[in-house]
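Below is one structure, written out as structure tokens; comments come after it.
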Amino acid sequence: MVDAEPPWLSTQQQEIWRRWLRAAARITSELDTGLREFDLDLAEYEILVNLSEEAQRRVRMSELADRVRQSRSRLTHTVSRMEKQGLVTRETCTADGRGVWASLTPHGFEVLEQVAPHHVASVRRIFIDAIDPEDLSAVGRAMSSVLAVAD
């Protein structure tokens, strides 16, 4: 069976889509570069933030993988690297013996406290302050729509 041809993007839609791709890549690159000064990358920073937001500063690895959009094997590799830096630890979940917790260490929290102001300044410069406030609200609504379809 031959699939019907997809409805092609208009010229304007193509331009917007390509701008989004370039902007997303530029934002990621800029944020990653800023974090490199602290021997972190964006994926590691996101892990630190997610762990810091929990009351006990720990999350099951499987849930953390979903939150930071990494495969479980990729997250295991990243967390192993972070463990060597003393930023996080892993421990078996005693409740069921199957799950593994990723926990933020005191050193990891100190690093996050040091890095966060610089990272937020970068987010403001490359994204928040670069967009008119009304347009920023529209971007937020648009991304909510995208996430609703993607989820």
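The values are calculated or read from the model by the stated rules, or taken from the named source; none is laboratory data. As the structure is a computational prediction, the values presented were derived from the model and not from experiment. Cβ atoms come from the backbone with ideal geometry, glycine included; neighbour counts cover every protein chain shown. Ligands, DNA and RNA are excluded from the accessible area calculation, which covers all protein heavy atoms including side chains. Shrake-Rupley method; radii C 1.70, N 1.55, O 1.52, S 1.80 Å.
Looking for something outside any helix (DSSP H, G or I) and farther than 21 Å from Glu30 by Cβ - is there at least one such residue anywhere in region 71-80?
Scanning region 71-80 turns up at least one residue that is outside any helix (DSSP H, G or I) and farther than 21 Å from Glu30 by Cβ.
Which condition breaks for Ser122 when tested against (1) surrounded by fewer than 14 Cβ atoms within 10 Å (Cβ to Cβ); (2) under 26 Å from Arg22 (Cα atoms); (3) polar (S, T, N, Q)?
(1)
Residues are listed down the side, and each one gets a yes or a no for (1) free of Cβ contacts under 8 Å to residues at least 40 places away in the same chain; (2) out of contact with any Leu (no Cβ under 9 Å at 6 or more places or on another chain):
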position	(1), (2)
Leu42	yes, no
Glu63	yes, yes
Arg67	yes, yes
Thr76	yes, yes
Cys93	yes, yes
Thr105	yes, no
Leu112	no, no
Pro133	yes, yes
Ser137	yes, yes
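Would you confirm whether any residue within region 88-95 is open to solvent by less than 30 Å² (accessible area, probe 1.4 Å), under 18 Å from Glu63 (Cβ atoms) and in a helix (DSSP H, G or I)? Spell out the reasoning first.
First pass over region 88-95, keeping only residues open to solvent by less than 30 Å² (accessible area, probe 1.4 Å): 88, 93.
From what's left, under 18 Å from Glu63 (Cβ atoms): 88, 93.
Still in the list and also in a helix (DSSP H, G or I): none.
No, that holds for no residue.
Being farther than 19 Å from Ala43 by Cβ and of a type in the set (Lys, Arg) is the filter here, so list the residues in region 83-133 that pass it.
Scanning region 83-133 gives Arg98, Arg124, Arg125.
Kindly provide the set of residues from region 105-126 that are more than 24 Å from Gln56 (Cα to Cα) and of a type outside the set (S, T, N, Q), ordered by number. Talk me through it step by step, then tell me what you get.
So in region 105-126, the residues more than 24 Å from Gln56 (Cα to Cα) come out as 118, 121-126.
Correct list: His118, Ala121, Val123, Arg124, Arg125, Ile126.
Among what's in region 50-84 and is surrounded by 17 or more Cβ atoms within 10 Å (Cβ to Cβ) and not hydrophobic (A, V, I, L, M, F, W, C), pick the residue that is modelled with the lowest pLDDT.
Top of the filtered list is Gln70.
So which residues in region 1-49 are touching a helix residue (DSSP H, G or I) at 6+ places or on another chain (Cβ under 8 Å), open to solvent by 100 Å² or more (accessible area, probe 1.4 Å) and either on the phi > 0 side of the Ramachandran plot or in a helix (DSSP H, G or I) (or both)?
Hit for region 1-49 is Arg26, nothing else.
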